[in-house]
1. Return the residues of the stretch 268-287 that are modelled with pLDDT of 70 or more and more than 44 Å from the chain's Cα centre (by Cα); say none if nothing qualifies.
2. How many residues, within the stretch 85-110, are crowded, with 17+ Cβ neighbours inside 10 Å, polar (S, T, N, Q) and over 25 Å from the mean Cα position of the chain (by Cα)?
3. Restricting attention to the stretch 120-140, which residues are in contact with a helix residue (DSSP H, G or I) (Cβ under 7 Å, 6 or more places away or on another chain), open to solvent by 50 Å² or more (accessible area, probe 1.4 Å) and free of Cβ contacts under 8 Å to residues at least 60 places away in the same chain?
4. Among (1) on the phi > 0 side of the Ramachandran plot; (2) surrounded by fewer than 15 Cβ atoms within 10 Å (Cβ to Cβ), where does GLN181 come up short?
5. When the stretch 25-76 is examined, which residues are found to be open to solvent by 40 Å² or more (accessible area, probe 1.4 Å), modelled with pLDDT of 90 or more, closer than 19 Å to GLY118 by Cα and of a type outside the set (A, V, I, L, M, F, W, C)?
6. Scan ALA374, ALA358 and give me the residue that is under 37 Å from the mean Cα position of the chain (by Cα) and at pLDDT 85 or above.
7. Look at PHE117 and say whether it is on the phi < 0 side of the Ramachandran plot, open to solvent by less than 40 Å² (accessible area, probe 1.4 Å) and at pLDDT 95 or above.
Amino acid sequence: MRFFKRKKDPPAEPPAELSAATPQLRRGDRPPFQMLRDYVPLERGDQKLYRAIREAVPVVDACIYKIIRLCGGVSAACDDREAQEGLRSFLNQVDVGRGQRGINAFLDQYLDSMLMFGQGVGEMVLTRDGQDIAAILCGRPEDVHIREGEGPLDFQLCAMDAYGQIAPLPRQQLLLFTPFQPEIYAPYGVSLLRSMPFLTDLLSKIYHAIGVNWERMGNVRFAVVYRPGDGEWERGMAQERSRQLAHEWSRAMEDTRSGSVRDFVAVGDVEIKVIGADNQILDSSVPIRQIMEQLVSKTGIPPFMLGLSWSSTERMSTQQADLLTTEMTAIRRALTPAVEKICRMWLRMHGYGCEVQAVWDDINLQDLVEEARANWYKEQTRKLRIENDAAEGRSGQAAEGDGAVPAPREDGYEAVMRKEKDFGN
């Protein structure tokens, strides 16, 4: 038996570099001239392309506006009632530039930049004394650069200074930056129009060809053919007759342009026909619809909301409305941190320490009549279930007294449907 046990060694402490939150997928050794790789410009050559796509294809422009409108309005909720009233007044009256006021007007511009360029950039402008927020303004993504720090969680927004050098902006806590659908190879967001240039190029070529064909075929041009006879006299006068036919035909066309009707009379073998009338214009409806389906599917907007009838049944429209609600909720999740940052900054500057939460308006794309009918069914089912439970309890008590078999429980939904059928009859 051992009377003296060896004291166990204390557990080794983890290294200092592992005690902090250190990323493992990013190497710590930095090569020389790393500063040249720290800056990530948000200005890219495709931004002008995205503007051209939105300007050239009206459906894309309509989709962006509908997404912005469907996101709805936002408000804020906090525990302090006094802070709640002051915050509500601030969100409704804050200046957002260009003659607009309110947080919803700011979010319309902010979300427009997110959808178009993949990033939303904004700032909170303080008053001269620094005691309140004077305005909330949107910025241009092409004017902003991102400087990455030591870790992937650290970055700064930079801009060109007075000396033409890229420098970090002085008050980072007042800046707003939201990427749209960030990816591994595009952590600072991607545009909604990223996969549209090829299809929009095809669409523009088709419409350009249609326009050229209508310019050629729609503006009717005539061919006047004169065939002289076999006689020597007619052959000698062929040139003079051709000149007379051309002159009279021109006069008839000019009088037609002025609104008067003039007959054209010719003697001999004269044929008048429309140039290109025998040709057939290619059917463009099928390729245009295929391209439009791809463009609309990228935006997530149901076709019936754009006035496009593509054999969409009522049930399919309901499912598309449900999917659209999910898309709008995802976009709201991306905008919520920026809204809460603005609200939190206003609360702290006014001495409130309560937390705040962004509250979005309800998205309602369903038929109100069908929704009310469904709620009525639920309430009737609940009422009948309570009545059945009470009747079952009474019948059970009676069965215990006389040994009778209790009546089977009636299903609530079937009872509601039976009741509605009896009411209809």
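The values are calculated or read from the model by the stated rules, or taken from the named source; none is laboratory data. What you see is a predicted model, and the numbers here were worked out from it, not measured in a lab. Every residue, glycine as well, gets a Cβ built from its backbone with ideal geometry; the counts of neighbours run over all protein chains shown. Calculation scope for accessible area: heavy atoms of the full protein, side chains included, ligands and nucleic acids excluded. Shrake-Rupley method; radii C 1.70, N 1.55, O 1.52, S 1.80 Å.
1. Selection gives GLY268, ASP269, VAL270, GLU271, ILE272, LYS273, VAL274.
2. 0
3. The one that is in contact with a helix residue (DSSP H, G or I) (Cβ under 7 Å, 6 or more places away or on another chain), open to solvent by 50 Å² or more (accessible area, probe 1.4 Å) and free of Cβ contacts under 8 Å to residues at least 60 places away in the same chain: GLU123.
4. (2)
5. ARG51, GLU55, ASP61, TYR65, LYS66, ARG69
6. Working: ALA374 fails: at pLDDT 85 or above.
Only one candidate passes the filter, namely ALA358.
7. Working: on the phi < 0 side of the Ramachandran plot: yes; open to solvent by less than 40 Å² (accessible area, probe 1.4 Å): yes; at pLDDT 95 or above: no.
Against the criterion (on the phi < 0 side of the Ramachandran plot, open to solvent by less than 40 Å² (accessible area, probe 1.4 Å) and at pLDDT 95 or above), PHE117 does not qualify.
Residues are listed down the side, and each one gets a yes or a no for (1) crowded, with 16+ Cβ neighbours inside 10 Å; (2) at pLDDT below 90:
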residue: ARG315; (1), (2): no, yes
residue: ALA321; (1), (2): yes, yes
residue: ARG332; (1), (2): yes, no
residue: GLN380; (1), (2): yes, yes
